[in-house]
Amino acid sequence: MITLAHLSDIHIDGSGRNEARARKVVDYLAALPGRVDAVLVTGDLTEEGRPVDYGTVREIVAPLDVPVLFCPGNHDEREAFRRTLLRIGGTGPVNQAVEVAGASILLLDSVVPGEPGGALAPETLAWLDSALSRSDGPAFVALHHPPVALGIPELDAMRLGNPDDLAHVLARHPRVVGVLCGHAHTGAASTFAGLPLRAAPGVKNTTLLPWEHDGDITRHDAPVGLAFHLHADDVLTTHYRSL
């Protein structure tokens, strides 16, 4: 069995408010009597992409003694994300492959610089196809932008712009067991390309469904949330927690 803790959209911006909410999740995970195999953060780590805020992210997650995996979101700045947070070189999309507990975690860069919506560049799709061909163990595909509509019109207009391209790649690789995303600021479960799709709650705030609000779609005082994903016996099970 592999277990992943999944959080998203912490939006570190130099304010004590967002930092405190992110620390609340990390403190909870660090104090668990048992260990998860990895912690996944699916984008929007900062509000403005400032290098100093990526330094704060590194400091916030330092108490965790398991791998912490990041992919960028539309609020992140690719160069600062790469060099300050990951401390790697290179140019272009930041795609990463990590092996955890016998599973592959494939982290995709779906950012379109300057745009709230996302897309997977041809080089990212080719990279994913190659990475999925390297073994036959279970694989998770993680990205910031949901590839399907989640029933929130304001966010659905900013989802992944080329989901069919991703679906075509996934169809060639039956070892993929789930697609994990952020961006929506709400815990959600759906399907994509015949696979489980799981969106993590937003740490910064929560997006409300159309029938939950009368104009303001954001609830700033909602509890901090995260997801736990368990994969065993070819079944992906997700539990959501509010803190």
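Determine whether ARG172 is touching a strand residue (DSSP E or B) at 6+ places or on another chain (Cβ under 9 Å) and either among the charged types (D, E, K, R) or open to solvent by 60 Å² or more (accessible area, probe 1.4 Å) (or both). No; evaluated as a whole, the condition is false for this residue.
Of all residues in the range 130-157, which are open to solvent by 50 Å² or more (accessible area, probe 1.4 Å) and touching a residue at least 40 places away in the same chain (Cβ under 8 Å)? So that I can check it myself, show each step before the final result.
Keep residues of the range 130-157 that are open to solvent by 50 Å² or more (accessible area, probe 1.4 Å), which gives 130, 133-136, 149, 153-154, 157.
Correct list: SER133, SER135, PRO153, GLU154, ALA157.
Results for (1) more than 17 Å from the chain's Cα centre (by Cα); (2) at pLDDT below 95; (3) surrounded by 16 or more Cβ atoms within 10 Å (Cβ to Cβ); (4) not charged (D, E, K, R), shown as yes or no for each residue.
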{"residue": "VAL179", "(1), (2), (3), (4)": "no, no, yes, yes"}
{"residue": "THR191", "(1), (2), (3), (4)": "no, no, no, yes"}
{"residue": "ARG198", "(1), (2), (3), (4)": "no, no, yes, no"}
{"residue": "ASN205", "(1), (2), (3), (4)": "no, no, yes, yes"}
{"residue": "ALA227", "(1), (2), (3), (4)": "no, no, yes, yes"}
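Of the strands (runs of 3 or more DSSP E) entirely within the range 1-79, those holding at least 3 residues that are open to solvent by less than 10 Å² (accessible area, probe 1.4 Å) and under 26 Å from GLY178 (Cα atoms) occupy 2-7, 38-42.
Of the residues making up the range 90-111, those that are under 14 Å from LEU166 (Cβ atoms) and open to solvent by less than 30 Å² (accessible area, probe 1.4 Å) are PRO93, LEU106, LEU107, LEU108, ASP109, SER110. In the set PRO67, PRO33, PRO51, PRO63, only one residue is within 15 Å of the chain's Cα centre (by Cα), without any contact (Cβ under 8 Å) to a residue 60 or more places away in the chain and over 21 Å from ALA184 (Cβ atoms); that residue is PRO67.
The values are calculated or read from the model by the stated rules, or taken from the named source; none is laboratory data. Worth saying up front: this structure is predicted, and the values here are computed from it rather than measured. Don't worry about glycine lacking a Cβ; one is built from the backbone with ideal geometry, like all the others, and counts go over all protein chains shown. When the accessible area is computed, the model is the full protein with side chains, heavy atoms only, and any ligands, DNA or RNA have been set aside. Shrake-Rupley method; radii C 1.70, N 1.55, O 1.52, S 1.80 Å.
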